[in-house]
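Participant: Input: one structure, supplied below.
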């Protein structure tokens, strides 16, 4: 049995003052000028440390407050209040919500999973991944207690094409050459960002993080620079230009490469393998209504791995788009019906914003995930998308220190892996490979709704 995979974490403080959910409102008008102001009795001395961040024009009071409410309760004229911070409400959008963004910041600072003892107070269903619940029927088994359990739980997966049977000659020698496989200890790779400020430093942070975790980062051929050569063992090079423009020594040093989907994708795969026979080639495909047909055809033609990409909200490219989990379910079941599912590696990406999305997408049939915006949020991105319009990034991501950024990414992935271990342990599953396509271990709101209300309105 391989040694237990463990991600080492450490505190990586924010560069900028965090935007907190609540803010302190201290009215001066009506103050009774008490001999002993409640502000002086603050246990955390937040009023004494009060200051202004001139870069962001934010007051330190809100981020320093620990929400003990002592000043709010004890002010005799009730002049101190706590309210919802308007800057917090303005974070992100309807998908990348302020709650998701602030949760990712919290995990990235120290590798922790956000835990609340107050119970869940939100809706029990919603769009996308929120319409899916996972089965925790084995949660009472202490030997499979996720992070702290005594049983080994593996999060390792293989990328590449698998043969269904080995063939031997009379002398016992293999008569076939098994295709190359790449094993990674975490079912995640880092993907190309849909938008970002100038990303040289960001890409280097991704690569440093990928190397420390034993995984890979997808880098565009057009973004590849000499400083990245030391990270070649952890690069999936996306060939977005002419193959002839690439130095063959770089291709020979790669373990994986990615090519865009086209009618010539299999020929391009063969061309790369002529240069480096040990290369695993991934075909990148935009998720669409015809994806299941295209994936089956590519599998039959010899594809090794297919990267199915939705947009940043997890939606496919269509007039009436399906969410990524629905389309991946369709693709997975199509391959199962044809008896070829185990031959191909499916990577799903787009809209992966939380640790729970990782387990849910694997349950829907993906072998592994690619993440993008969540990594940017780990480095304090606020998903304001100002960089798309050419406006300066409010947290100066274009000048991020790759070492600091990689530490934040490592902490985030540690939190995600711990949550995955908790889910696997609660399900009684000892390796993430077994979680793939286990749709019987989940409930889907759409299916339940049809089952419960299908007969309503019908006459007996």
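The values are calculated or read from the model by the stated rules, or taken from the named source; none is laboratory data. Note that the coordinates shown come from a computational prediction; the quantities given were computed from them, not determined experimentally. So basically every Cβ, Gly included, is an ideal-geometry build from the backbone, and we count neighbours across all protein chains shown.
Participant: Go through the stretch 161-199 and count every residue that is under 21 Å from the mean Cα position of the chain (by Cα) and either in a loop (DSSP other than H, G, I, E, B) or free of Cβ contacts under 8 Å to residues at least 12 places away in the same chain (or both).
Facilitator: Of the residues in that region, 11 qualify.
Participant: Would you please name the residue that is nearest to the chain's Cα centre (by Cα), looking only at residues in the stretch 401-460 that are at positive phi and in contact (Cβ under 8 Å) with a residue 12 or more places away in the chain?
Facilitator: Checking each candidate, the answer is 437.
Participant: Something else about it: Which of the residues that make up the stretch 183-207 are farther than 19 Å from residue 358 by Cβ and touching a strand residue (DSSP E or B) at 6+ places or on another chain (Cβ under 9 Å)?
Facilitator: 203, 207
Participant: Report those helices (runs of 4 or more DSSP H) wholly inside the stretch 10-111 carrying at least 3 residues which are closer than 21 Å to residue 381 by Cα.
Facilitator: In the stretch 10-111, the matching helices (runs of 4 or more DSSP H) lie at 60-64, 86-89, 98-110.
Participant: Give the stretch 208-223 a look and list any residue that's surrounded by fewer than 19 Cβ atoms within 10 Å (Cβ to Cβ) and either closer than 16 Å to residue 307 by Cβ or in contact with a strand residue (DSSP E or B) (Cβ under 8 Å, 6 or more places away or on another chain) (or both), or say none. Walk me through how you get there before you give the answer.
Facilitator: Taking the stretch 208-223 and keeping what is surrounded by fewer than 19 Cβ atoms within 10 Å (Cβ to Cβ), we get 211-212, 214, 220-223.
Within the stretch 208-223, 214, 220, 221 qualify.
Participant: In the stretch 129-160, what residues are at pLDDT 80 or above and either out of contact with any helix residue (DSSP H, G or I) (no Cβ under 7 Å at 6 or more places or on another chain) or part of a loop (DSSP other than H, G, I, E, B) (or both)?
Facilitator: Within the stretch 129-160, 130, 133, 152, 153, 155, 156, 158, 159, 160 meet the criteria.
Participant: Can you name every residue in the stretch 224-265 that is within 20 Å of residue 304 (Cα to Cα), part of a loop (DSSP other than H, G, I, E, B) and in contact with a helix residue (DSSP H, G or I) (Cβ under 8 Å, 6 or more places away or on another chain)?
Facilitator: 239, 240, 254, 255, 261, 262
Participant: Checking the conditions here, which among 308, 298, 335 is part of a strand (DSSP E or B) and either assigned by TED's automatic domain parsing to the domain that holds residue 161 or within 20 Å of residue 447 (Cβ to Cβ) (or both)?
Facilitator: 308
Participant: I'm trying to understand the selection: among the residues of the stretch 365-377, which are over 13 Å from residue 432 (Cβ atoms) and in contact with a strand residue (DSSP E or B) (Cβ under 8 Å, 6 or more places away or on another chain)?
Facilitator: Across the stretch 365-377, the qualifying residues are 365, 370, 371, 372, 375.
Participant: Taking the stretch 350-364 as the search range and keeping residues that are touching a strand residue (DSSP E or B) at 6+ places or on another chain (Cβ under 7 Å) and assigned to a loop (DSSP other than H, G, I, E, B), which one is farthest from residue 12 (Cα to Cα)?
Facilitator: 350
Participant: Then there is this: Taking the residues in the stretch 42-64 that are at pLDDT 80 or above and surrounded by 15 or more Cβ atoms within 10 Å (Cβ to Cβ) as candidates, determine which candidate is farthest from residue 315 (Cα to Cα).
Facilitator: 42
Participant: For residues in the stretch 311-328 being in a loop (DSSP other than H, G, I, E, B) and under 15 Å from the mean Cα position of the chain (by Cα), which is surrounded by the most Cβ atoms within 10 Å (Cβ to Cβ)?
Facilitator: The residue in question is 314.
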